[in-house]
Amino acid sequence: YNELIDNTVARFNTVTYSSFAISILIFGIVASLGFLTFGSASSGLILNNYSTNDTLMTLSRVAVALSIVFSYPLVFVGTRDGILDLANVPQENRNNAMLNNHTFVLIGILTALALKVKDLSFVLSFAGATMGNALIYVFPALMFRSAVKNMDGDVAASLKGEVNFAMFAAVLGVVMGAIGVKMALDAL
């Protein structure tokens, strides 16, 4: 926002909407071309469908591997810290020895899962069914309900219908997530 010339909320919204639209368009085109190339024989990781002798696809595999390797620590630290937050571990108790022990245990669990799960499409479908639905339907509804609960009585009363609708959406998200989890597990 601060870097925009003539930084107004309207201009920020325009840049944000345009950026997301362009990203979605590019992703949609690439995903469609990958699927149109192989149809129902598409692998969970589309790069696996291409020949190992294809230089461009090999470079793509290297780029994906580098992306995963260098983004993993950022995601992992957020996950570890989130687990510690859920366990109500105070910041002052989080010394290096404790963080290292939790890191070792979590990496062990993740490694065991990686050795067991051979199909990336399962991981993606399971994560989409659980976290995707939670991020889209459940968490926003719970945050909205909490925000309304903390408001003045008159304002909260006027938003009661919206809270009910948001909670309905959350329940719908849980149901869709359960269906998605069942479908992911059935596909194993």
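The values are calculated or read from the model by the stated rules, or taken from the named source; none is laboratory data. Just so it is clear, the model here is predicted, and its values are computed rather than measured. For neighbour counting, all protein chains shown are included, and Cβ atoms are generated from backbone atoms with ideal geometry for every residue, glycine included. With ligands, DNA and RNA removed, areas are computed over all heavy atoms of the protein, side chains included. Shrake-Rupley method; radii C 1.70, N 1.55, O 1.52, S 1.80 Å.
Numbers below:
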item	result
Inter-residue pairs, beta-carbon under 7 Å, first open to solvent by less than 100 Å² (accessible area, probe 1.4 Å) and in segment 3-30, second in a helix (DSSP H, G or I), 6+ apart	LEU4/ARG11; LEU4/PHE12; LEU4/VAL15
Among the candidates ALA134, ALA114, ALA156, residue that is at pLDDT 90 or above and open to solvent by less than 80 Å² (accessible area, probe 1.4 Å)	ALA134
Hits in segment 31-46 (condition: under 19 Å from LEU59 (Cβ atoms) and exposed (fewer than 10 other Cβ atoms within 10 Å of the Cβ))	none
Contacts under 7 angstrom Cβ, first residue in segment 71-98 being surrounded by 11 or more Cβ atoms within 10 Å (Cβ to Cβ), partner part of a helix (DSSP H, G or I), 6 or more apart	ARG80/HIS102; ARG80/THR103; ARG80/LEU106; LEU84/HIS102; ARG94/LEU84
TYR50 vs. criteria surrounded by 10 or more Cβ atoms within 10 Å (Cβ to Cβ), over 25 Å from the mean Cα position of the chain (by Cα) and free of Cβ contacts under 8 Å to residues at least 24 places away in the same chain	yes
Every residue from segment 115-174 that is free of Cβ contacts under 8 Å to residues at least 12 places away in the same chain and either of a type in the set (Asp, Glu) or outside any helix (DSSP H, G or I) (or both)	VAL117, LYS118, ASN150, MET151, ASP152, ASP154, LEU159
